[in-house]
Amino acid sequence: MHPVRVSIPSFRSENNSIEKGYTVFRIDVLMNGRQHAVEKRYSEFHALHKMLKKSIKPPEIPSKHVRNWVPKVLEQRRQGLELYLQTIIMENGVLPKIFLDFLNIRHFPSVPKTESCGSFDTESEESSKLSHQPVLLFLRDPYLLPSAHDAFSNVVIEGVVHGVFYPDLQPR
């Protein structure tokens with residue numbers, strides 16, 4: 001199974017006095033057990049498609065022009081865009097940074113199926129800095145000592161707690 005999964009469960013129409021009405025698609029993104037949602041217009045999908053053509057051969061994108069905006073036609077477009085995103089993930093061993101940016105996914109060199117080239121933004125000093133990655137992961141609260149019935153006490157946690165709270169206490 002791939003580390004990135006996407007679906008487009010819904011869409012909604014937006015109307016305002018400044019612009020002609022448009023449709024917003026909700027994209028659910030699941031990566032490493034974390035889920036978030038992104039909302040994109042078709043024009044943003046189209047811009048992504050044009051950018052992706054510079055680095056990979058993306059699948060066909062649903063037609064830009066829709067004759068009528070009835071729910072059935074919009075549902076077909078939703079399904080087409082969902083298939084478009086899923087095909088990009090399935091067909092590429094490494095996902096372009098531009099695609100990860102589109103889905104609002106942070107990209108780390110250590111995460112499989114990602115790369116760090118090709119972005120909407122121009123290369124800046126800010127984006128070239130290394131980002132923070134956790135070094136230590138706790139499976140339970142690190143500030144609590146292991147329970148008495150724990151067969152193997154956690155030496156690291158015990159050492160940190162003793163070091164912080166009992167600095168004068170000598171180790172056993």
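Bear in mind that the values in this text are calculations on the coordinates, not laboratory data. All values derive from a computational prediction rather than experimental measurement. Glycine gets a Cβ as well: all are built from the backbone with ideal geometry, and neighbour counts include every protein chain shown.
Annotations for the structure displayed:
- Region 1-108, relative contact order in percent, only Cα pairs under 8 angstrom and at least six apart counted: 26
- Listed cross-link partners 20/97; 40/97; 20/53 are compared with a 25 Å cut-off, the Cα-Cα value being larger for 20/97; 20/53.
- Projected label distance in nm at residue 53 and residue 30, using a 7 Å step from Cα toward the beta-carbon: 3.3
- Charges were assigned to the Cβ only: +1 to each Lys and Arg, -1 to each Asp and Glu. The resulting dipole of region 4-103 about its Cα centre is roughly 200 debye.
- Debye intensity ratio I(q)/I(0), log10, region 4-103, q values 0.12, 0.18 Å⁻¹ (C-alpha model): -0.40, -0.87
- Highest to lowest packing among 34-41, 78-85, 47-54, 94-101, scored as the average C-beta count within 10 Å: 94-101, 78-85, 47-54, 34-41
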